[in-house]
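The values are calculated or read from the model by the stated rules, or taken from the named source; none is laboratory data. Computed from a predicted model, the values in this text were never measured in an experiment. Note that we place each Cβ from the backbone using ideal geometry, even for glycine, and neighbour counts take in every protein chain shown. SASA here: full protein model, heavy atoms, side chains in, ligands and nucleic acids out. Shrake-Rupley method; radii C 1.70, N 1.55, O 1.52, S 1.80 Å.
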Amino acid sequence: MGVPISVTVNGQHRESEVDSRTLLVQFIREELRLTGTHVGCDTSSCGACTIIMDGKAVKSCTVLAASANGSDITTIEGLAQNGELHPLQEGFKEEHGLQCGFCTPGMIMTAVQLLEDNPQPSEAEIRHGLEGNYCRCTGYHNIVKAIYHASRKYKEVSHG
Amino acid sequence: MIPSEFEYCRAGSVEEALDLLAQKGPDAKILAGGHSLLPAMKLRLNSPGAVIDISGIGELSYIKEEGSHLVIGACTTHGDIAKSTLLSEKIPMIVEAAAEIGDVQVRNKGTIGGSLAHADPAADWPASLLAGEAEIVLASSSGERTVAAVDFFQGLFTTDLGENELITEIRLPIPDAYTKSTYVKFEQPASRFAIVGCAASITRSNGSCDKVRVAFTGVSSTPFRDQAVEQALEGQAPSDDNIEAAAEKAAMSVEVMGDHFASQEYRKHLAKVYARRALQAVLS
Ligand SMILES: Cc1cc2nc3c(=O)[nH]c(=O)nc-3n(C[C@H](O)[C@H](O)[C@H](O)COP(=O)(O)OP(=O)(O)OC[C@H]3O[C@@H](n4cnc5c(N)ncnc54)[C@H](O)[C@@H]3O)c2cc1C
Ligand code: FES
Ligand code: FES
């Protein structure tokens, strides 16, 4: 059964017709071919599928594409601007915030909201903010450092 | 994992949602945040013929003061409740409960109405709503009714909600100024659902505990107010001994659950520990 939807993804307007049971992550990966958003657990636990929907980090494996109608979505592909890495992407690169990289897009998208809500988080706040994201490689330390790195960069940008 | 086929219906207003519920009958399911329903549908534990999406109904998402009550729209997310300064000033246990639910992504989507309708025995909301003497407003195409939280929860995944009814609002009486409240829980480490959750709200006057409300979630298949604990402390001065004696009475009147997360004995022990912590926190 086709459900018409209209969404903005990474600044681009998209119109489509989806099956009622299509999950948002499937729509993003299979129809829009934005495969940076990953599916880890498919059971709302691991956070690999996290995207920003209307300003909030959500697990796109647990949202119907049909429900996303009218929303403004940012995926990992939408972060870099004019070939320049987003401060979080740079932080993950500089601080070795990834090993296999599977969890990274979800970690970064969750951190986007974390830094928006709290631009200068403490280490404890960063760890708490990542409670919905699993990493099976790094042991988290470098991920926390990467986000801290980005928060300092944000500070430089906003205070000149 | 993909849910089985269903008809998708988007409701733009409460009225539309109620019409759709009446039209589609018992085979239809309301979809709010989807964070209980969609996982169940993906596992094919639930295969509704029609899904009525209320997530876009703006008029169901609010937190406001209305006379002697604070009222919360059914589609308000856990995340928005966790950030409410109005609630944090007047009934802090509500904000504490919201902030303890799942993780940030779950709180961004999951709604208070959805959690109440789902009635998971390990859900966080029931304890603070019972201790806060909340009322739940239910609407159907034939009208509206208000049910006290104590009468709403009836058992494992079972509530007083009728098939053609929609939860529209949660109403909390504003406690008087000398009231303190808190919510504490022992969480399942992966999902963060409550193995034991305890809410306490105490009004004091002249140094003694005037009104005591203590409620549990996670302990028994139905969340409950624990009158034995309440009565043990009511009229008493808040001393360590009195708190200890009251907490010892926790979960005496209910059938305590046991499962692979926590045995019956362990849960019962935790109920006492968390009752003590909650009472200590509000009386300190
Ligand atoms: C990884 C994970 C961790 C979680 N951890 C916790 C936790 O620690 N504590 C906790 O309490 N919960 C937890 N949850 C559950 C979460 O809080 C859900 O959001 C909540 O239980 C359901 O709310 P929803 O808005 O998502 O409802 P939905 O999934 O949309 O709906 C759930 C049920 O309620 C019905 N329904 C929804 N809204 C209404 C309404 N207004 N009127 C009538 N019926 C309605 C639906 O038909 C369905 O049967 C967790 C969930 C996940 C995925
Ligand atoms: S794939 Fe969505 S939370 Fe794991
Ligand atoms: S880097 Fe491999 S899962 Fe996180």
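Quick notes on this one:
- Positive contributions from Lys and Arg (+1) and negative ones from Asp and Glu (-1), summed over other residues with Cβ under 12 Å from the Cβ of residue B:91, come out at -1.
- Residues of type aspartates and glutamates that residue B:42 reaches as a straight line, Cα spacing below 13 Å, ignoring anything fewer than 8 places off in the same chain: A:42, B:5
- Charge sum, other residues only, whose C-beta stays under 9 Å from residue B:152's C-beta, Lys/Arg counted +1 and Asp/Glu -1: -3
- Out of every Cα-Cα pair that segment A:53-160 contains, those further apart than 24 angstrom amount to 22 percent.
- Each principal axis of segment B:2-138 carries a Cα extent, and these read 45, 30, 22 Å when sorted largest first.
- Accessible surface area normalised per residue over segment B:179-283 is 43 Å², counting heavy atoms of protein chains with a 1.4 Å rolling probe.
- Length gained when the stretch residue B:208-residue B:248 is fully extended (0.36 nm per residue, less Cα-Cα span): 12.5 nm
- Modelled FRET efficiency - R0 35 Å, residue B:255 with residue B:146, Cβ distances, 0.05 increments: 0.75
- Contact order for segment A:3-78, expressed relative to its length and based on alpha carbon pairs under 8 Å spaced 6+ residues apart, stands at 41 percent.
- Chain B: DSSP helices with Cα axial extent of at least 27 Å and average Kyte-Doolittle hydropathy no lower than -1.0: B:264-283
- Occluded residues from segment B:3-52, i.e. those whose accessible area drops by 40 Å² or more once the chain is not alone (1.4 Å probe): B:5, B:6, B:8, B:10, B:35, B:38, B:42
- Prolate/oblate/rounded label for segment A:105-160 (Cα gyration tensor, a/c 1.5): prolate
- Checking the Cα-Cα distances for B:64/B:185; B:180/B:211; A:59/B:83 against a 22 Å cut-off, the pairs over it are B:64/B:185.
- Relative to the longest principal axis of the Cα atoms of chain A, the long axis of helix A:104-117 makes an angle of roughly 70 degrees.
- Options B:136, B:156, B:177, ranked by Cα towards positive dipole end of segment B:122-181, top entry (Cβ charges): B:177
- Between 0 and 90°, nearest 10: helix A:141-159 axis offset from chain A longest Cα axis: 90 degrees
- Euclidean distance of C-alpha centroids, segment A:1-15 and segment A:67-85, integer Å: 13 Å
- Using every pair of distinct Cα positions in segment A:5-119, the Kirkwood expression returns a hydrodynamic radius of 14.3 angstrom.
- With the convex hull drawn around the C-alpha atoms of segment B:123-187, the volume per residue stands at 93 Å³.
- Segment A:1-42: trypsin sites (Lys or Arg not before Pro) falling in loop per DSSP and having at most 16 other Cβ within 10 Å: A:33
- Size of the A/B contact, given as accessible area buried on both chains, probe 1.4 Å, in Å²: 2500 Å²
- Shape call, the protein assembly as shown: gyration tensor on alpha carbons, a/c limit 1.5: oblate
- Net charge of the neighbourhood of residue B:62, taken over other residues with C-beta under 14 Å away and scored Lys/Arg +1, Asp/Glu -1, is -2.
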